Amino acid sequence: MSQPVEVRFQTVDLAALEALRGRIALICDGDKPASAAARALNRLTKGALTRALQSKEMADLKPGESMELAFPTGLQADALQLVRLARKATLHEARLAGASVAKRLDGGQVTLVAEAHPRAADIAFGLAMRAYDFSAHKSATPKSFGAVVVAVADPEKVAAEAAPMAAVAEGVFFTRDLVNEPANILTTDDFAARLAAMQELGIDVEILEEDQLAKLGMKALLGVGQGSESPSKVVVMQWRGGAEGDAPFALVGKGVVFDTGGISIKPAGGMEEMTMDMGGAGVVAGVMRTLALRRAKANVVGLVGLVENMPDGRAQRPGDVVRSMRGVTIEVINTDAEGRLVLADVLWYAQERFKPVGMINLATLTGAIIVALGHENTGVFSNDDALCDAFLKAAAAEGEGAWRMPMGPGYDAKLKSRIADIVNSCGRDGGSITAAHFLRRFVKDEVPWCHLDIAGTALLKSDSALAPRGATGWGVMALNRLIRDRYEGK
Ligand code: BES
Ligand code: MN
Ligand code: ZN
């Protein structure tokens, strides 16, 4: 990650506008300079601002989009960026407005004039989210976005609103860094070490090694990693911000640090993308970080299964039968359907040990979910309407696409195996749904549960509203909101 952009909130100094260098971004609404700063800028530019506000270009902008006056006469600034945003803008529009400013950051001085806009903190959050840049492996001096001054009427109030948002941004960046990191660097050991470092934040982190996993009977998980030089691990992260003794909410993530497919090896084209196959674990880690940073008043446990799926002389074969921790035996039809094998054991362990009040797992589980939903929505599968609806509501509020998928006994029936209890793969048709049913075999009926298939949303090939191309951190915001609204007794 590059240096994250530093945002400072200050009052608007009308007298200083003329001499400001770099870029001035002005939040505008309507066709007249409505605020004191806008009127001052209009005076200094001899009416150019008003003409711009009344232009067709301005009228054509959608909420949050911007236009620009280059080298405006009467100002020392090199550019005056006009960002269209109504006072009654939605949360998402406000974030987009901030993102419009982030897209133009070049390391120079930037002053974002938001005056008394009620969503100034959301604008700043959108700016920070979009200004993320993964430059860890660029040999040239990493990009620096410098500092952005956000000029507002009441800086203390806005800064107080922005503080919990900074915790969310930091969680999202943690997820994005993990997902963007290549697999030669983010090995299972390295991943576990990065999670262990979160002890500093007050998270209790335990790393279960292969011998312990074997004792627990997690042979489904261990089978996936047995062809890799990197040891398989389960990492347990506990945040206990709620009442002592209250059962936690559980988050479970698929952490396949690289997925070659194993002996059922994937084609070469695009295989490099499989560095993101730990995306579910990455989101769980990011949410835990956010909860700790904002000292969330909830008990939440995050569990991730970290493995690498490699072909090797010791690798698991198609046709192998493994016994899961639950005792259910699995015929491994396809070693590339490995995520469900990892999750089967971690889901079971989570319930046996923590008796959670609810459980959500995240996984880059199937290519089929991309066929179904593209990259706009995560596929949501659930055994509990109340939890599912609460999650969908939280995701919608955060602008993170999520769409509920069907489940049913007809799909479950396809899991039947000739020689074991179930198979790990049953063909292309409804592939995401049968995968969800496989997971459900390891979820107790009384535990409210959602499975989020993030194969299409964890990483994008092009820029999106709040992220440059690459890892998105999809889900951190929604899960943070879900926990805040549903488990923090508010
Ligand atoms: N990690 C993949 C799924 C995936 C595909 C994630 C594309 C992100 C982008 C998963 O382990 C996998 O290989 N799934 C197989 C399942 C099949 C063998 C039943 C798939 O989707 O083809
Ligand atoms: Mn696979
Ligand atoms: Zn995979």
Among the residues of region 245-274, write down those that are touching a residue at least 12 places away in the same chain (Cβ under 8 Å), more than 12 Å from ligand 2 (Cβ to nearest atom) and of a type in the set (Gly, Ala, Ser). ALA247, ALA250, GLY253, GLY255
Go through (1) near ligand 1 (Cβ under 10 Å from one of its atoms); (2) under 28 Å from the mean Cα position of the chain (by Cα) and name the single condition VAL443 misses. (1)
Kindly indicate whether any position in region 280-293 is surrounded by fewer than 19 Cβ atoms within 10 Å (Cβ to Cβ) and either within 16 Å of ligand 3 (Cβ to nearest atom) or not basic (Lys, Arg) (or both). no
Could you identify the single residue in GLU273, GLU338, GLU244 that is charged (D, E, K, R) and within 24 Å of ASP211 (Cα to Cα)? GLU338
Here the qualifying pairs (Cβ atoms under 7 Å; residues six or more apart or on different chains; first in region 326-346 and under 23 Å from LEU251 (Cα atoms) and assigned by TED's automatic domain parsing to the domain that holds ALA363; second open to solvent by 10 Å² or more (accessible area, probe 1.4 Å) and assigned to a helix (DSSP H, G or I)) come out as ARG326/TRP348
Would you check which residues across region 134-154 are under 20 Å from GLU181 (Cα atoms) and either open to solvent by 30 Å² or more (accessible area, probe 1.4 Å) or among the β-branched types (Val, Ile, Thr) (or both) and list them? PHE134, ALA136, HIS137, LYS138, SER139, ALA140, THR141, PRO142, LYS143, SER144
Some residue of region 352-372 being among the hydroxyl-bearing types (Ser, Thr, Tyr), surrounded by 24 or more Cβ atoms within 10 Å (Cβ to Cβ) and more than 12 Å from ligand 1 (Cβ to nearest atom): no
Given the criteria open to solvent by 50 Å² or more (accessible area, probe 1.4 Å), within 25 Å of THR11 (Cβ to Cβ) and in contact (Cβ under 8 Å) with a residue 24 or more places away in the chain, does ASP122 qualify? no
For residues in region 231-283 being small (Gly, Ala, Ser) and in contact with a Phe, Trp or Tyr (Cβ under 9 Å, 6 or more places away or on another chain), which is farthest from ligand 1 (Cβ to nearest atom)? GLY242
Just to be sure before I move on: is GLY489 at positive phi and at pLDDT below 95 in the structure I sent? yes
Just the residues that are open to solvent by 70 Å² or more (accessible area, probe 1.4 Å) and in contact with a strand residue (DSSP E or B) (Cβ under 7 Å, 6 or more places away or on another chain), please, taken from region 41-59. GLU57
Tell me, yes or no, whether region 263-275 has at least one residue that is open to solvent by less than 10 Å² (accessible area, probe 1.4 Å) and over 17 Å from LEU195 (Cα atoms). no
Residue under question is LYS62, and the condition is that it be over 27 Å from the mean Cα position of the chain (by Cα), open to solvent by 70 Å² or more (accessible area, probe 1.4 Å) and outside the structural domain of ASN180 (by TED's automatic domain parsing); does it hold? no
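The values are calculated or read from the model by the stated rules, or taken from the named source; none is laboratory data. Every value quoted in this text rests on a predicted model; they were computed, and no experiment measured them. Virtual Cβ from ideal backbone geometry, glycine too; neighbours counted across all protein chains shown. Calculation scope for accessible area: heavy atoms of the full protein, side chains included, ligands and nucleic acids excluded. Shrake-Rupley method; radii C 1.70, N 1.55, O 1.52, S 1.80 Å.
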